[in-house]
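The structure appears below as C-alpha cells.
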Amino acid sequence: MFSYYPSIIVRGQPSVLMNIFVPVIAVLLTLFTGSIIFSLMGYNPIFALYTFFISPISNAYGVSELFVKATPLALIAIGLAYCFKNNIYNIGAEGQLTMGAIFGGGIGIYFYDVNSFWLLPLMIIVGAIGGAIWGMIPAFLKIKFNTNEILTSLMLVYIAILILDYLVVGPWKDPDGYSFPKTRAFSESARMPLLFQGLRVHFGLIITLILIFISWFVFSKTMFGFQLKVSGYSPIAARYAGFNQNTLIYLAFAICGACAGIAGLSEVSGPIGLLYRDISPNYGFTAIIVTFLGRLHPLGIILASLVIALTYLGAEDAQLFMQIPQAVGFVFQGLVLFYLLGADLLVNYKIVFKKNI
Amino acid sequence: MNIDLIIGIINIVLIATTPLVFAAIGELVTEKSGVLNLGVEGMMLVGAVTAFVTLVLTGSYILAFLISILSGLIMSGLFAYLVLILMSNQVATGLALTIFGIGLSSMIGKQFIGTPIQGLNPYFFIALSFAIVFGVSYFFYKTKKGLIFRAVGESHSSAHALGYSVIKIRLLGILFGGAMCALAGSYMSICYAPMWQENMTSGRGWIALALVVFSTWKPNRILIGAYIFGGVSIMQMNLQAFGLSIPGQFFNMAPYLATMIVLVLISSNKLRIKMSAPASLTKPFYKGR
C-alpha cells in the first residue's frame, strides 16, 4: 500500500508569485469563513454576503463612502510601511492619529471665525507635526532607554485618547453646545474641499494618493528606502554598511506619525468638521492589517485599503438591514490577518507530497 | 489614618490587581517557552464575555469559568497553530489575535450589555493567583520538567537535539497562557466589575505584557510588579477623593504613564534584559522535515 503525505520544504528563494497570491487567498478564505459564520448565526449566507460586500458599493454614494473610509486607512498604512520595513512594530498609530486631530483641529478651533485660504494648509502641517511628535516618543524611548516600542506606542494611544477626552469636555468645549462633549464647528475654509457635489469623498483622498506615490518613489528609488529595507532584513548587515540605525528609527516613526496625524486631521476637517470623543473607529489599528495585506507595497496598500474599507461599510449595512452586530466587521478584519499570516507559509516554504512506503 | 482605612485600601488593591497577576503569569509561561503572544488583551476580552454570557444563560458560576477557560484554550490554540505549525510571525499573529478578540467579544456580548448579575466573592481567586505564581516558580526552578521547559525557550535547537519536543512544549506554554488570560477576563466580568462592557479590560492585557518585562521573566517578581502597579493605581483614586482639583482624565492616564515609566526604568539596563529574556523569544522553530 502506498499513501502520500504532505511535507513542508524550504524554498531557496521566496516565491514572488505566492507573495501576490497569498493576500487574494486570504480574502477568499475570509469570505468562505464569513459565509459559515453567517449560516451558523441563522442568516442566509448568500444574502448576508451580498448585504455585506456588494450592496454597500452598488451606487455612487456607496463608492464615495468606500473612498472616505479607505482614505485614512491607506494613509496610515503607508506610514506604517516605513516602520514595518525596518522591523519596527509601531502599533500606536491610533494615538498618533488622535494627536494629529488635536493639533490640527486645535488650529481650526482657535480660528473658528476666520475664513481664509491659509487655514487648511496650516492645519494639515500642524496635524502632521502633532502626529510626528507623538510618534517620536516611542522612538526616543527605544533609542535612549531600550524600551519595547510595541508597548510604549500602545500606552500612548490610551493617553492621547484621554487628552482628547479632557479637551472636548473641558477647555475646548463648545460654549453654545448645551454641554455636549464636542467643540465648536470649524469654519468653512478649515474643511477639506469635497471632490464631487453631494458626495462625502474629500480632498484627503488626493493627499493620500500623492503621499503614497512619494512613498513608492522613496521605497524603490532612494538610498533611504534601501537602508530601511536592508536594516529590516539584516540589522547586522546594515550596521556593517554603516547605516545609522537610530536615524532610521527616528525617521520611520516620524514619517508614520505624520501620516497618521494627517489622516486624523483629514477625518476631523473632512467628514466630521469638529472635535469630539470618537473621531476614529479604530482606523489606527485596522491600518496594521491593511499594511500587512498590502504587503508593505504602495499599490498593494491601496487595494488592501479598499478591501478593508468595505468591511466597515458592510458591517454598517449588516447592522442596519439584518441586525447583525457591527463588530462583525472587526471579526472579519482579524480573520483576514489570520489567513494571511497562515498562508504566508507558501511564500517561504513549499508543500510537497512524499510517498509513504 | 485609622486601621479600617488601611485594611480597606489593601482590600481594594488585592481585588483590583488580581486580573493583572493572572494574565501576566500566563504570558510569562508562554514567553518562557520562547513564544511572544501579543493576544493577551483579545483573549482576556473573549474570556470575559464568554464567562459573562454563560453565567447569564445558565446561572452556573462553575460552568461560566469552565467555558471561559475553554475559550482561552481555543483562542490560544488558534495562535499556536499559526505560529508553531505554519511558522507565522509571532508579533503580527498576536496583534491579529487581539483585533479578532476585540471584534468577537463585542459581537458576542452585544445584547448582554447592562444585564445585571450577582457578582462572585473574589477572595478565592486572589488566593488562587498567589498559588499559581508560586506553583509556576516551583515548577521552573525546582523540577526537571521546568528545566526542560526553560531550555526550550533559551535554545530550541539544543532542546530538540536532546530529544525534547519543542513544538509540544511550546504548545503547552501557549495554552497555559491562553487559559490564564481567559481566567483574568472572567474574573473581571464576574467578580471585579461585575458586568459586561465592550473593551472592558481597557489595556490591562498590554499592561500585563509590560509586567512580564518588569519581572525580568522571574515568576515571583510578577507579584511585586503587579502590586506596586495596583497600589499606584488605587493611590491615584484616593488622591482624587482628597479633592485635588485635577481633571479625572489625567488620573485615568496614571496606569499607562506608570507602565511607560516602569518600562524605561527596567529596560535602560540593556545587559539585564539581554541576560534575562528567553534567548529564543519570537524565533520560529523549523526542524527541517
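Rule-based calculations on the coordinates, nothing more; no lab input. Everything numeric here is computed off the predicted structure, so don't read it as measured data. Note that we place each Cβ from the backbone using ideal geometry, even for glycine, and neighbour counts take in every protein chain shown.
The table for this structure:
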{"quantity": "Efficiency of FRET from Cβ geometry, A:PHE353 and B:ASN199, R₀ 41 Å, rounded to 0.05", "calculated": "0.35"}
{"quantity": "Spatial separation of Cα centroids for the stretch A:265-328 and the stretch B:112-181, in angstrom", "calculated": "36 Å"}
{"quantity": "Label-zone membership for the stretch A:294-317, site A:LEU31, 7 angstrom Cα→C-beta point, backbone N under 14 Å", "calculated": "A:307-308, A:310-311"}
{"quantity": "Size of charge dipole - the protein assembly as shown - debye, nearest 20, with Cβ of Lys, Arg +1 and Asp, Glu -1, no other charges", "calculated": "2560 debye"}
{"quantity": "The protein assembly as shown: C-alpha gyration tensor shape, a/c 1.5 cut-off, then a/b vs b/c", "calculated": "rounded"}
{"quantity": "Environment charge of A:THR208, counting only residues whose C-beta is closer than 13 Å and scoring Lys/Arg +1, Asp/Glu -1", "calculated": "0"}
{"quantity": "Chain B: DSSP helices with Cα axial extent of at least 30 Å and average Kyte-Doolittle hydropathy no lower than 0.0", "calculated": "B:3-32, B:166-187, B:219-241"}
{"quantity": "Sites A:ASN59 and A:VAL24 - FRET efficiency at Förster radius 35 Å, r taken between beta-carbons, to 0.05", "calculated": "0.85"}
{"quantity": "Cα-centre dipole for the stretch A:3-356 with unit charges at Cβ (Lys and Arg positive, Asp and Glu negative), debye to 20", "calculated": "1300 debye"}
{"quantity": "Peptide ranges A:322-334, A:212-224, B:49-61, A:123-135 listed from the most packed, as the mean C-beta count within 10 angstrom indicates", "calculated": "A:123-135, A:322-334, B:49-61, A:212-224"}
{"quantity": "5 angstrom amide H check on A:TYR349, placed H, neighbours 5+ away", "calculated": "A:ARG11"}
{"quantity": "Peptide B:82-92 - average C-beta neighbours from other chains (10 Å radius)", "calculated": "5"}
{"quantity": "Packing-based order for B:249-256, B:203-210, A:268-275, using average beta carbon neighbours within 10 Å, highest first", "calculated": "B:203-210, A:268-275, B:249-256"}
{"quantity": "Relative exposure of A:GLU316, A:GLU267, B:GLU27, A:GLU188, judged by other C-beta atoms within 10 Å (fewest first)", "calculated": "A:GLU188, A:GLU316, A:GLU267, B:GLU27"}
{"quantity": "Most fluctuating residue given options A:SER231, A:SER116, A:SER153, as computed from a GNM of chain A linking Cα atoms under 10 Å", "calculated": "A:SER116"}
{"quantity": "Within 10 Å of each Cβ in A:142-153, the average number of Cβ atoms from other chains", "calculated": "6"}
{"quantity": "Listed residues B:VAL262, A:VAL268, B:HIS160: farthest to the positive end of the dipole of the protein assembly as shown (Cβ charges)", "calculated": "B:HIS160"}
{"quantity": "Tensor-based shape of the stretch A:3-356 (alpha-carbon gyration tensor, a/c under 1.5 rounded, otherwise prolate or oblate)", "calculated": "oblate"}
{"quantity": "Using alpha-carbon coordinates, inclination of helix A:245-267 to the longest axis of chain A, degrees", "calculated": "60 degrees"}
{"quantity": "Exercise: per-residue mean of other protein chain Cβ atoms within 10 Å, A:5-18", "calculated": "1"}
{"quantity": "Within-12-Å neighbourhood charge of A:TYR312 [Cβ basis; K, R +1; D, E -1]", "calculated": "-2"}
{"quantity": "Anisotropy class of the stretch B:1-99 from Cα gyration tensor, a/c 1.5 cut", "calculated": "oblate"}
{"quantity": "Degrees separating the helix A:328-343 axis from the principal Cα axis of chain A, which is the longest one", "calculated": "40 degrees"}
{"quantity": "Under 5 Å, built H, 5+ apart or other chain: amide partners of A:HIS202", "calculated": "A:LEU195"}
{"quantity": "GNM flexibility winner over chain B from B:GLY39, B:GLY163, B:GLY173 (Cα, springs under 10 Å)", "calculated": "B:GLY163"}
{"quantity": "Mean-position separation - Cα centroids, the stretch A:144-206 and the stretch B:34-93, in angstrom", "calculated": "33 Å"}
{"quantity": "Karplus 3J(HN,Hα) series, Hz, for the stretch A:91-102 with 6.51 cos²θ - 1.76 cosθ + 1.60 (x for Gly, Pro)", "calculated": "10, x, 4, 4, x, 5, 4, 4, 5, x, 5, 5"}
{"quantity": "Nearest-ten-degree value, helix A:283-293 long axis tilted from longest Cα axis of chain A", "calculated": "30 degrees"}
{"quantity": "Eligible lysines near B:LYS142 by straight Cα distance, threshold 20 Å, same-chain separation 8 or greater", "calculated": "B:LYS32, B:LYS218"}
{"quantity": "15 Å beta-carbon shell around B:TRP206, net charge (K/R +1, D/E -1)", "calculated": "-4"}
